[in-house]
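Q: Structure in structure tokens, see below.
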Ligand SMILES: Cc1cc2nc3c(=O)[nH]c(=O)nc-3n(C[C@H](O)[C@H](O)[C@H](O)COP(=O)(O)OP(=O)(O)OC[C@H]3O[C@@H](n4cnc5c(N)ncnc54)[C@H](O)[C@@H]3O)c2cc1C
Ligand SMILES: [Zn+2]
């Protein structure tokens, strides 16, 4: 309790880089820091997180924080469910309030086809013990009174997939909580340290080159999300990834109105209200690839138009900020996790628009992999090799727009 | 603003006029192994720098063409119909 009133650093000021580390994690987003934290818990010493900007400067600090586990494939549903259960205990574990509110998640259906796909998803979910069900328009209205479900809307609401444990969390807190936790376990956190290349000997990486000098290394984890392809190329590992921007925006704070997450794939929009009262809204990725994190006017125009169809009450609300972040899209909308053809170069990539919810389980499973050398069963279906074998794990129906 | 693209037929238009066709990749040999084919289907360079890529003028002349764009800045350096840009990536005007 007293902690709260004491000012202090969240993690130690970075020192010089050492000559060598057992594990170097590239990328100080949610995945890199979670992996570092669980490695620390396993007692692995000499772990460094290298981040080219400030901690949380990537997608970790730009996402719309929707957490859910109602995915379509059995592999995905099981994996994300494990992550949500970890999130449920994470504030306690990290002794840091992450403001996780499991307010419920509604994916709206506007067509018969969508109702059919969602009924199917609900079945798959229930088989895996995930709370997920189809609800009709009247139930949608009860769960979300301010929503416009009138039949004369452009896309009338026919029902929804309802996922009660879904919700929102404070993304910065997750980043800081993991960073502080990792730091306390002895992990070194190095912001403003950019990896510029790797030194290889045979099928292993032996050194990591950075803008602050070269370090020798035992194992490397590539947790750079939108930048994964670039690190892959440095290591000599090709990836089936393209990088796109995803944008989001918030209104000025308004009084509490919405206490559930609303997603409409058909209208390319998802909406929640933060604890500060801001409406947080996002859309889908831009189709072209880019590394430039700059937003577009089209996004704001389309998004506000669609949001007003669903919530006409927001007519006079003003937009406060909008921003863009990078997303590493994989061909099947599932992640790419674990080993590569370079023995000691491991991967957390292919996160598209939906990776924040996976940070805890990614951290735990990658830490296990690094520590034991064995691929945990939960992530085995997501191996990079599946693309060479054409064994995809397609989440297209469940992940394309709805984070 | 997103960015502008010059259609070889219609001239300068906003990017929303066009459909993106992805980076230009090298086709595998005529009878590829399964692995070579999968690599061609799924793997991309995804370069941070000048990228040769396909565009389709959806809301205009409905022609496929190629552009060289710097993915770090979204500045388009060259455009041309298929075959016009030559084998090497240009360094731009
Ligand atoms: C607008 C937006 C909304 C989203 N909404 C959701 C959502 O609602 N729910 C959800 O689950 N997911 C969402 N996502 C996706 C999610 O944010 C990402 O999938 C996830 O954060 C990626 O993992 P990360 O946090 O580790 O990545 P990042 O935070 O991007 O971390 C990667 C880090 O690597 C660093 N880096 C890159 N290159 C180098 C280098 N050479 N050397 C050193 N460091 C380097 C970067 O600076 C960056 O900080 C959203 C994304 C965006 C952009
Ligand atoms: Zn044209």
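Q: Mind listing whichever residues of segment B:54-73 are buried (at least 19 other Cβ atoms within 10 Å of the Cβ) and either at positive phi or more than 8 Å from every other protein chain (Cβ to nearest Cβ) (or both)?
A: Hits for segment B:54-73 are B:55, B:57, B:65, B:66, B:67, B:68, B:69.
Q: Condition check: over 17 Å from residue A:238 (Cβ atoms) and in the same structural domain as residue A:231 (by TED's automatic domain parsing). Does residue A:342 satisfy that?
A: no
Q: Right, another one. Could you check chain B for strands (runs of 3 or more DSSP E) lying wholly inside it with 2 or more residues that are more than 16 Å from ligand 1 (Cβ to nearest atom) and over 30 Å from residue A:389 (Cβ atoms)?
A: Per the criteria, B:4-7, B:11-14, B:50-56, B:64-70, B:75-80.
Q: Now for a different question. Could you check residue A:207 against (1) surrounded by fewer than 16 Cβ atoms within 10 Å (Cβ to Cβ); (2) without any contact (Cβ under 8 Å) to a residue 40 or more places away in the chain and say which number it fails?
A: The number of the failed condition is (1).
Here is a yes/no grid of residues against (1) at pLDDT 95 or above; (2) farther than 22 Å from residue A:323 by Cα; (3) more than 9 Å from ligand 1 (Cβ to nearest atom); (4) part of a helix (DSSP H, G or I):
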site	(1), (2), (3), (4)
A:4	no, yes, yes, yes
A:8	no, yes, yes, no
A:32	yes, yes, no, yes
A:39	yes, yes, yes, yes
A:55	yes, no, no, no
A:72	no, yes, yes, no
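Q: Can you pull out the residues in segment A:266-283 that are buried (at least 21 other Cβ atoms within 10 Å of the Cβ) and farther than 16 Å from residue A:104 by Cβ?
A: Matches in segment A:266-283: A:267, A:269, A:279, A:281, A:282, A:283.
Q: Residues in segment B:1-16 that are within 8 Å of another protein chain (Cβ to nearest Cβ) and either touching a residue at least 12 places away in the same chain (Cβ under 8 Å) or over 21 Å from residue B:74 (Cα atoms) (or both): how many?
A: Result for segment B:1-16: 3.
Q: Just checking: which of the strands (runs of 3 or more DSSP E) contained wholly in segment A:196-298 hold 2 or more residues that are within 14 Å of ligand 1 (Cβ to nearest atom) and within 14 Å of another protein chain (Cβ to nearest Cβ)?
A: Correct list: A:242-251.
Q: I need a count of the residues in segment A:94-128 that are in contact with a helix residue (DSSP H, G or I) (Cβ under 8 Å, 6 or more places away or on another chain) and not in a loop (DSSP other than H, G, I, E, B).
A: 10
Q: Taking segment B:17-46 as the search range and keeping residues that are within 15 Å of the chain's Cα centre (by Cα) and facing chain A (nearest Cβ under 8 Å), which one is surrounded by the most Cβ atoms within 10 Å (Cβ to Cβ)?
A: The qualifying residue surrounded by the most Cβ atoms within 10 Å (Cβ to Cβ) is B:46.
Q: When the residues of segment A:297-332 are filtered to those that are free of Cβ contacts under 8 Å to residues at least 60 places away in the same chain and in contact with a helix residue (DSSP H, G or I) (Cβ under 8 Å, 6 or more places away or on another chain), which remaining residue is nearest to ligand 2 (Cβ to nearest atom)?
A: A:298
Q: Please find, within segment A:343-369, the residue that is surrounded by the most Cβ atoms within 10 Å (Cβ to Cβ) out of those that are part of a loop (DSSP other than H, G, I, E, B) and out of contact with any strand residue (DSSP E or B) (no Cβ under 6 Å at 6 or more places or on another chain).
A: Of everything passing the filter in segment A:343-369, A:354 is surrounded by the most Cβ atoms within 10 Å (Cβ to Cβ).
Q: Determine whether residue A:160 is crowded, with 16+ Cβ neighbours inside 10 Å and either within 16 Å of ligand 2 (Cβ to nearest atom) or within 14 Å of another protein chain (Cβ to nearest Cβ) (or both).
A: no
The values are calculated or read from the model by the stated rules, or taken from the named source; none is laboratory data. Since the structure is predicted, the reported quantities are computational estimates derived from the model, not experimental observations. Here the Cβ is made from the backbone with ideal geometry for all residues, glycine too, and neighbour counts use every protein chain on show.
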